[in-house]
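To keep things clear, I will list the structure first and then write my remarks on it.
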Amino acid sequence: MTTIIESIEQRQLRQLPRFQGGDRVRVHFQVVEGTRRRTQVFEGIVIARQGSGLRETFTVRKQSFGVGVERTFPVHSPKIERLEVMARGAVRRAKLYYLRGRVGKRARVAERRWGIDSAAVLAPQEEAEAVDSGGAAQEEAPVVDTAPAEPEEAAPDADGGDQGSADAGEEREPSSGGSS
């Protein structure tokens, strides 16, 4: 009996990118409002993952206008169109419920600078670069003026002295006549 249930569950499991508590994710899911269907995006930090198999869920928390908003999603739900891992969090806990008591900058999670797998984060960036470079012409190198700058001679003031001892040796740009 359990093998039949397990085989049915195996067919319904989805392939999603690897993510864990502390990761910043963007979840695209379908919302049905009357007869209309639309895609809603919820971006935040994964504070918990619980369960296993088809019944596994994860909770995402975000700050919206200073108020904490949490939403729990089934991992293998057909309503989830896409799940993007935006950044990996550097945390030591599996459950980040302590973020509920924090507001503003204190609710941030430090990002890991290593361990971002290319399938989760880099693939969308590479696709965007391929689209940009496909129809665009190659960028030209910036033109650099190699002519040496002519030093301007220091003109004496009305007193007959230098224009100042601190900037006497510095080069100056010729002024356009107006004061700015």
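Coordinate-derived values only; no laboratory data. Worth saying up front: this structure is predicted, and the values here are computed from it rather than measured. Backbone-built Cβ (ideal geometry, glycine too); neighbour counts: all protein chains shown.
General observations
- A straight Cα-to-Cα reach below 30 Å connects LYS105 with the lysines LYS62, LYS95, residues fewer than 8 places away in its own chain not being considered.
- Three-way shape call for region 20-107 based on the alpha-carbon gyration tensor, with the a/c threshold at 1.5: oblate
- Counting 0.36 nm for each residue step from LYS62 to ARG37 and taking away their Cα separation leaves a gain of 6.6 nm.
- The chymotrypsin sites (Phe, Trp or Tyr not before Pro) of region 1-44 include none that meets both criteria, a DSSP state outside H, G, I, E and B (loop) and at most 13 other C-beta atoms within 10 angstrom of the site's C-beta.
- 15 Å beta-carbon shell around GLN50, net charge (K/R +1, D/E -1): +4
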